[in-house]
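For reference, the structure is listed below as structure tokens.
The values are calculated or read from the model by the stated rules, or taken from the named source; none is laboratory data. The structure displayed is predicted, hence computed values, not measured ones. No Cβ is skipped: glycine too gets one built from the backbone with ideal geometry, and neighbour counts run over all protein chains shown. These area figures cover heavy atoms from the full protein model, side chains too; ligands, DNA and RNA do not enter into them. Shrake-Rupley method; radii C 1.70, N 1.55, O 1.52, S 1.80 Å.
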Amino acid sequence: MPGSPLYRARQIGSRTTLVSATVALIAALSGAFQLAPAGEVAGATTTNRFEASTPCRLVDTRSGLGFQAPSIDRIRVQVTGRCNVPPEAVAASFTVTVSQPTGAGYLTMWPATTSIPEVSTLNFEQGDDRANGAIVRLAGDGAVDITASAPTQILLDVTGWFVPVATSTTGRFVPVEPDRIFDSRAYGFSRPLNAGEIVTIALPGGAPKDATAVAVNLTSVAPSPPGYLTAFPAGTEPPEASAVNTNAANQTRAASTLVAVSPQGLSIFSKAGGHVIVDLTGWFTGPSAPETGAGLFVANDAPLRVRDTRSADPVWDGGAVDIGLPVGGASAIAANVTLVGSHDPGFLTAFAGRTTQPETSTVNVDRQGATAANLALLPISTTGLTVASEGGADVLIDLTGWFVGEPVSAFADQPANKRPPICTSHWDANSLTNFMASGDPYVGADYQRSFALPDGRVLWFFQDVLIRTRTGMRFTHNAALVQTGNCFEALHTGNFAQPRDYLLPWATQRYSHWFWPLAGGMGTDGNFHLFVAEMRENGPGYLTRTEPTATYAVTIRLSDMAVIDERLAPNSSPSLYGFSVASDASYSYLYSQCHRQFGYDQFPFSDPPVYVHDFACSADVTVARVPKGNFASNPSYWNGFAWTNNPATAVPVIPRLDRAVNPTQVTYDNGRFIAVTKEGDWWGDTIYLDVAPRAQGPWTTYATIPVAPRCGDCNTYFASIVPYRTRQDQLIVGLSNNRFTGFTVGLYSPTFLNLPAP
């Protein structure tokens, strides 16, 4: 497939001899293809009417029929002057079929003698028999070129052509929203076709009896043996051609084609039997239609890629994306729609942008990881196209031309394309541990903090996150999750290819100036308010002499988890008031912490010396308060006797004992305050659990829990309390983990413990 890593550089395969009996095409085309700019489309302004034909075979490489080989990586097919195609034809419609390719790959058709466009016409797997429709402009001599990225046999049938006219009665395209006009599974038929059976489908309501052709998507559903479908005018004999091929039992395949029709409609021949679905996207007018230019076709000089989602987010399962089009004065387009790398079995549906999604599909796949392409003649709106996904996949849109007319008006909202949540079996401590270690959506993270939201959800924040991407992982200084029951939704900016920090990405310079999430709570305005540490690196490398320089306040809207405000906190000092936050009925309490972790004082007994926390301040935790949820207020501070407005009078409130580092997290629970501290942060082997009747104490240690690192050179650090329980007598406490030598996949993720409640 163009763009896949397999085809990063142009390669030419071995010089296979072209034998008249069996011809193998060898090609491997360049593939780091980018999204085409939505500017001028290369294409003549000549308008053309469509003249339909019963499928007529132009090429069959199995017998050496109908082509030349101008070079080792392509064949050339003369189209005009054969199968009744007139010399004035500007473009033609085809069904192209590959048979028994020796490997997975793609096929491309384009005007002969011109440069190979960076698009695909048909995608296939090893051993496939697969077909797709195509509309291709003809070169000046009336020919097309074809290449394939793996050796394969090729069959090419012409189904009609486009000839220049300024106005016409016949051959003008009338687009409709995709409409299912036949389904053998539905009431009225309710059975699969027998092998060799022909079913006739009347012209749909609205189509005149003298319509010359229809644009349809044909789907073969689960035939017992391999086989094919052929579409042709009702009342005629089936031609020696195929529109859809299957090469395994119970396989579902779809392909689009332009089919000539009679007044009785169209007929479908099924070689192997099975269910058949026919979706209509429009018809071509007959002689009774008025003479006008509306619906005439304009062909691109070459297919143009107008969208490739592989450089950003795919179309997620249940999501949809808008696709703008670089054409004007068009009512419909002809395009090849390719579904790439399906996340699960499913389909894509393309339809007029921001209108009602039809109950049809444009391209289908029946397994994970599949790629498939389909020709589509689609109505468009004033915003272009919308493409929706069932199952999740990337989408490529290659534009081959458009039909003159007025687009329909868009009326719906912009579609949403959110990454689906990832669900665990439960939400207890073991399930949380397994989820955090699963590598999806985050390969690793630390400093886990979680907060209950009023609608029952839980909002999680993390520092230094390794986010899973398309090709591996990407480091960000912060990210978040929204937990709904046992399902988790990732929150970050950027996209799946290049994720970025969730908080203040515009101000972040990776490894030198960044922002770490602290704690927060619900505000009186109905939004979530989070305190954030502004961090700077002053040493020669990341985390060698690191210091907080300010405290920011971030506001998050709960309806869509959008960050709607970022500013310095009322106390914006590096004391980090908001490192922990707990609220009772009247006040929100903001606990401070000295977060100078690296490059300050020598860790005792280390040889060679290891310079870590600033021990002069790291044991001190002071507290301030604001009216509950009013985080924009100036805080008052506990001086040991009373609350004052002077932060210089604040005194430590959490027990210090021998806790040289005191990264305490406090929660309010059933009329009391509970504090959890991993003593020593990166060093030490004990979790302290303290309880107090007031935010400022006095505190009583009610449990000390020994903890062991996950490996010989690992460390555990930063304990925090999850805001829900699975047993009333137990707290769920998270604990960060890492190796002293740095991020280690599989070890750099929080674990969760059941610890006693007071």
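Return the distance in nm (one decimal) between the two label points of a simple spin-label model at L65 and D141, each offset 7 Å from Cα along Cα→Cβ.
Result: 2.3 nm between the two label points.
Tell me which residues come under 5 Å, amide H to amide H, from G265 once H is placed; ignore anything under 5 positions away on its chain.
Correct list: L203, A234.
Evaluate the stretch 199-241: find the radius of gyration of its Cα atoms, find its Kirkwood radius, and give the ratio Rg to Rh.
Details: Rg = 12.7 Å, Rh = 12.7 Å.
Result: Rg/Rh = 1.00.
I need the calculated FRET efficiency for the pair T382 and D601, taking r as the beta carbon distance and R₀ as 56 Å, to the nearest 0.05.
Working: r = 65 Å, r/R0 = 1.16.
With R0 = 56 Å, the Cβ-Cβ based efficiency is 0.30.
Limiting things to C-alpha atoms, what are the Rg and the maximum Cα-Cα separation (Dmax) for the stretch 599-706, in angstroms?
15.7, 49
Explain nothing, just compute: Karplus ³J(HN,Hα) = 6.51 cos²θ - 1.76 cosθ + 1.60, θ = phi - 60°, for every residue of the stretch 670-679 in order, whole Hz, x for Gly and Pro.
Listing the rounded values in order: 6, x, 9, 9, 10, 10, 10, 9, 7, 4 Hz.
As an exercise, use a Förster radius of 22 Å and the Cβ-Cβ distance of Q509 and V610 to find the FRET efficiency, rounded to the nearest 0.05.
Details: r = 26 Å, r/R0 = 1.20.
Efficiency, rounded to the nearest 0.05: 0.25.
Let me check against my output: what whole-number percent is the relative contact order of the stretch 300-433, with C-alpha pairs under 8 Å and at least 6 apart?
Working: 358 pairs, mean separation 52.2, N = 134.
Relative contact order here is 39 percent.
Can you tell me how much longer the chain between R470 and D210 gets when fully stretched, taken as 0.36 nm per residue apart minus their C-alpha distance, in nm with one decimal?
88.6 nm
Hey, could you pull the Cα Rg and Dmax for the stretch 682-758, both in Å?
14.0, 41
Add +1 for every Lys or Arg and -1 for every Asp or Glu among the other residues with Cβ under 13 Å from the Cβ of E537, and state the total. Walk me through the numbers before you get to the answer.
Numbers: positive: R510, R536, R545, R596; negative: D464, E534, E547.
Combined, the nearby Lys, Arg, Asp and Glu give +1.
Aspartates and glutamates near K678 by alpha-carbon distance under 18 Å, same-chain residues fewer than 8 away left out - which ones?
Within the straight-line cut-off, K678 pairs with D446, D614, D620, D658, D690, D713.
With N residues in the chain, what two-decimal value do you get for its Cα radius of gyration over 2.2 N^0.38 Å? Kindly include the intermediate steps, with their values, before the conclusion.
On the way: Rg = 32.7 Å, N = 758, 2.2 N^0.38 = 27.3 Å.
Dividing the Cα Rg of the chain by 2.2 N^0.38 Å gives 1.20.
Under the classification rounded if a/c is under 1.5, otherwise prolate if a/b is larger than b/c and oblate if not, where does the stretch 274-319 fall, given a ≥ b ≥ c as square roots of the Cα gyration tensor eigenvalues?
Numbers: a/c = 3.10, a/b = 1.51, b/c = 2.06.
Cα axes put the stretch 274-319 in the oblate bin.
For the stretch 144-204, which trypsin sites (Lys or Arg not before Pro) pass both filters: DSSP loop (anything but H, G, I, E, B) and at most 14 other C-beta atoms within 10 Å? Could the numbers behind the result be given before it?
Working: sites: R172, R180, R185; in loops: R172, R185.
Filter output for the stretch 144-204: R185.
Given H placed 1.01 Å from N in the peptide plane, which residues other than close sequence neighbours of T744 have an amide H under 5 Å from its amide H?
R739
Please find the FRET efficiency linking Q100 to S425, where r is the Cβ-Cβ separation and R0 is fixed at 41 Å, and quote it to the nearest 0.05. Walk me through the numbers before you get to the answer.
On the way: r = 44 Å, r/R0 = 1.07.
Computed FRET efficiency for Q100 and S425: 0.40.
For the ranges 384-393, 134-143, 408-417, what's the packing order if you count other beta-carbon atoms within 10 Å of each residue, average per peptide, and put the highest first?
On the way: 384-393: 23.9, 134-143: 21.5, 408-417: 14.0.
Descending mean neighbour count gives 384-393, 134-143, 408-417.
Give the Cα extents of the stretch 352-418 along the principal axes, in whole Å, largest first.
Cα extents, longest axis first: 38, 28, 19 Å.
Residue by residue through the stretch 708-714, which ³J(HN,Hα) values in whole Hz follow from phi under the Karplus form 6.51 cos²θ - 1.76 cosθ + 1.60 (θ = phi - 60°), with glycine and proline marked x?
3J(HN,Hα) across the stretch 708-714, in whole Hz: 10, x, 7, 7, x, 10, 9.
I'd like to compare 736-745, 484-493, 88-97: which one has the highest average count of other Cβ atoms within 10 Å, and what's the full order after that? Spell out each step's value before the answer.
On the way: 736-745: 15.9, 484-493: 18.2, 88-97: 24.9.
Order by mean packing, descending: 88-97, 484-493, 736-745.
If you average the alpha carbon positions of the stretch 395-452 and of the stretch 670-722, how far apart do those two centres end up, in angstrom?
35
Could you order the peptides 209-217, 66-74 from most to least packed, using the average number of other C-beta atoms within 10 Å per residue? If you can, show how the numbers build up before the last one.
Working: 209-217: 24.2, 66-74: 16.3.
Packing proxy ranking, top to bottom: 209-217, 66-74.
Starting from the Kirkwood radius over alpha-carbon pairs of the stretch 429-489, derive D by Stokes-Einstein at 37 °C in a medium of 0.692 mPa s and give it in µm² s⁻¹. Show your work: numbers first, answer last.
Numbers: Rh = 12.0 Å.
For these conditions, the coefficient is 275 µm²/s.
First compute the accessible area of the stretch 95-138 with a 1.4 Å probe, then give the percent of it belonging to carbon and sulfur atoms.
Working: 440 of 1140 Å².
Its accessible area is 39 percent carbon and sulfur atoms.
Hey, can you grab everything whose amide H is under 5 Å from the amide H of R180? Only 5+ residues off in sequence or another chain; H modelled, so Pro and N-termini drop out.
For R180, the qualifying residues are L280.
For Cα pairs less than 8 Å apart in space and 6+ apart in sequence, what is the mean separation divided by the residue count of the chain, i.e. the relative contact order in percent?
Working: 2281 pairs, mean separation 64.2, N = 758.
Normalised by residue count, the contact order of the chain is 8 percent.
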